[in-house]
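The structure appears right after this line, and notes come after that.
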Amino acid sequence: MSDKKQLKIAVIIKRFISTGGAERYAQEVTRRLASRHEVHVFAQEWAFQTDEDITFHKIPRYVNKPTWLNHLLFSSLSSKAVGNGFDIIHSHEKVPRFDVMTIHSPCFRSFITREKREWKRNLLWFSVALSPRQLAWLSIEKKQLDFHPERIFIAVSERVKKDIQANYPLPDTSFRIAYPGVDEQMKRGLPASDDREESRSRLGLGQDDFVVLFVGTEFKRKGLDALLRAFSLIAASRYKLVVAGGGGGKMKKYKNLASDLGLTEQVVFLGLVENVGELYALADAVILPTLSDPWAMAPMEAMLAGIPAAVSSAEYCGAAEHIQNGEALIIANPLDPGEIKEAVIKLTDPGCRKELSRKGQALAAQLTWERTTASTLAAYDEVLRRKGKGPIP
């Protein structure tokens, strides 16, 4: 897209903040769009500091819970607030009015349709019929994913795209892929020994410990259950696991699980961490045995920082779509503690770590937010062309 004509772009997202995968994605792309176009953000809240000029429009939050009711209100209020006069309406939320929609996760309907047992699927459909919350989400989703020849859906991975198409009759022409980027500031050399020693000491970690980092807020979905059980199979106290994330309200449950497994001295729970990048300096490896993740930013950030990583296969994790030449260890079955244990032990091998560090950093360096933004602008071009307004000269 040429920069000769400035576009007026409306961006819709409930929370324009830097924590959370979808929120981080929206913020990184939006600030790059604002460096060359006029950008307006319609949100319930924002926390943003940058040199780019962005106009914010407050969408009232009348209720916090139930979340589906808040979303219905946000959808209606944001559509009215946007009005007319924008070249592109770009939504990161499930709302019916948009030109471009970035889809950050599998669809709601798939939690039913991916169930292979017919009796269980029928039971799930019956439970949906009795739930105002689930009926509301399905209704919102159906309106969002109705086919319209001028619209484009941007999926953050092929995995997300395939999930949507398995549930809604949308052709390939309705989709573009724009993978999340990796913060270039994560690229670094090995930390100075004094810095590494200080970072570890603050957390009660020894310099000879083998430290594995896990980053994720929803512990169950991110696979922490199996990871803790894998650590319980390793009979060596020098193996330490650092867990960064809020736990989705289940922190006490997982601390109790670690205690029941005899891991009290081996697992450090940090809670929410504002700057996860600082943790990469103290880690020997990063592992994410996620059960369902449209992308997974943390392993890719770690790889750019030169930290070897192990992640679930592309069946479970969108980021694994890029890992084809040994850039990270692949966990075929993230529900199997034994397989995860073997991955952790393999990561202790210096030769393996060196090779993974080299290959992983080279791969992650290709995944930039500039590349993500360019793919987004290409989708804008296509929408304008379909409306008879483009491409931009």
- Go through the stretch 21-68 residue by residue and tally those that are among the small types (Gly, Ala, Ser) and free of Cβ contacts under 8 Å to residues at least 24 places away in the same chain. 2
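Condition check: over 22 Å from the mean Cα position of the chain (by Cα) and within 20 Å of residue 224 (Cβ to Cβ). Does residue 354 satisfy that?
Working: over 22 Å from the mean Cα position of the chain (by Cα): yes; within 20 Å of residue 224 (Cβ to Cβ): no.
Considered against the rule, which asks whether it is over 22 Å from the mean Cα position of the chain (by Cα) and within 20 Å of residue 224 (Cβ to Cβ), residue 354 comes out as no.
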- Task: State all residues of the stretch 353-393 that are free of Cβ contacts under 8 Å to residues at least 60 places away in the same chain and either part of a loop (DSSP other than H, G, I, E, B) or surrounded by fewer than 16 Cβ atoms within 10 Å (Cβ to Cβ) (or both); if no residue qualifies, say none.
- Result: 354, 355, 358, 362, 366, 374, 385, 388, 390
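Could you go through the stretch 65-78 and let me know if any residue there is in a loop (DSSP other than H, G, I, E, B) and of a type in the set (Gly, Ala, Ser). Working first, answer last.
Let us first name the residues in the stretch 65-78 that are in a loop (DSSP other than H, G, I, E, B), namely 65-66.
In the following step, the residues that additionally are of a type in the set (Gly, Ala, Ser) were identified as none.
No, every residue in the stretch 65-78 fails to be in a loop (DSSP other than H, G, I, E, B) and of a type in the set (Gly, Ala, Ser).
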- Message: I'd like the full set of residues that are touching a Cys at 6+ places or on another chain (Cβ under 7 Å) and among the acidic types (Asp, Glu), limited to the stretch 288-312.
- Response: 293
- Query: Which residue out of 278, 315 is among the acidic types (Asp, Glu) and either part of a helix (DSSP H, G or I) or not assigned by TED's automatic domain parsing to the domain that holds residue 335 (or both)?
  - Reply: 278
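Name the single residue that is surrounded by the fewest Cβ atoms within 10 Å (Cβ to Cβ) among those in the stretch 35-56 being small (Gly, Ala, Ser) and modelled with pLDDT under 95. So that I can check it myself, show each step before the final result.
Applying the first criterion (small (Gly, Ala, Ser)) to the stretch 35-56 yields 35, 43, 47.
Right, trim to modelled with pLDDT under 95 and you get 35, 47.
Values: 35: 13, 47: 11.
Filtering the stretch 35-56 for residues that are small (Gly, Ala, Ser) and modelled with pLDDT under 95, the one surrounded by the fewest Cβ atoms within 10 Å (Cβ to Cβ) comes out as 47.
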- Task: Go through the residues of the stretch 231-244 one by one and say whether even a single one is in contact with a His (Cβ under 9 Å, 6 or more places away or on another chain), part of a loop (DSSP other than H, G, I, E, B), closer than 27 Å to residue 357 by Cβ and in contact (Cβ under 8 Å) with a residue 60 or more places away in the chain.
- Result: no
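Being of a type in the set (A, V, I, L, M), more than 19 Å from residue 331 (Cβ to Cβ), crowded, with 16+ Cβ neighbours inside 10 Å and not assigned by TED's automatic domain parsing to the domain that holds residue 381 is true for just one of 213, 272, 257, 227. Which residue is that?
Working: 213 fails: more than 19 Å from residue 331 (Cβ to Cβ); 272 fails: crowded, with 16+ Cβ neighbours inside 10 Å; 227 fails: more than 19 Å from residue 331 (Cβ to Cβ).
It is 257.
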- Of the conditions (1) over 20 Å from residue 28 (Cα atoms); (2) of a type in the set (Asp, Glu); (3) in a loop (DSSP other than H, G, I, E, B); (4) in contact (Cβ under 8 Å) with a residue 12 or more places away in the chain, residue 115 clears all except one; give me its number. (4)
- Quick one: in the stretch 83-116, of everything that is at pLDDT below 90 and aliphatic (A, V, I, L, M), which residue is surrounded by the most Cβ atoms within 10 Å (Cβ to Cβ)? 95
- Task: State which residue is nearest to the chain's Cα centre (by Cα) when the search covers only the stretch 1-59 and only residues that are of a type in the set (S, T, N, Q) and assigned to a helix (DSSP H, G or I).
- Result: 27
- Mind checking which residues of the stretch 318-332 are surrounded by fewer than 18 Cβ atoms within 10 Å (Cβ to Cβ) and assigned to a loop (DSSP other than H, G, I, E, B)? 324, 325, 326, 332
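The values are calculated or read from the model by the stated rules, or taken from the named source; none is laboratory data. Just so you know, these numbers come straight off a predicted model, no measurement behind them. Here Cβ is always computed from backbone atoms with ideal geometry, including for glycine, and neighbour counts include all displayed protein chains.
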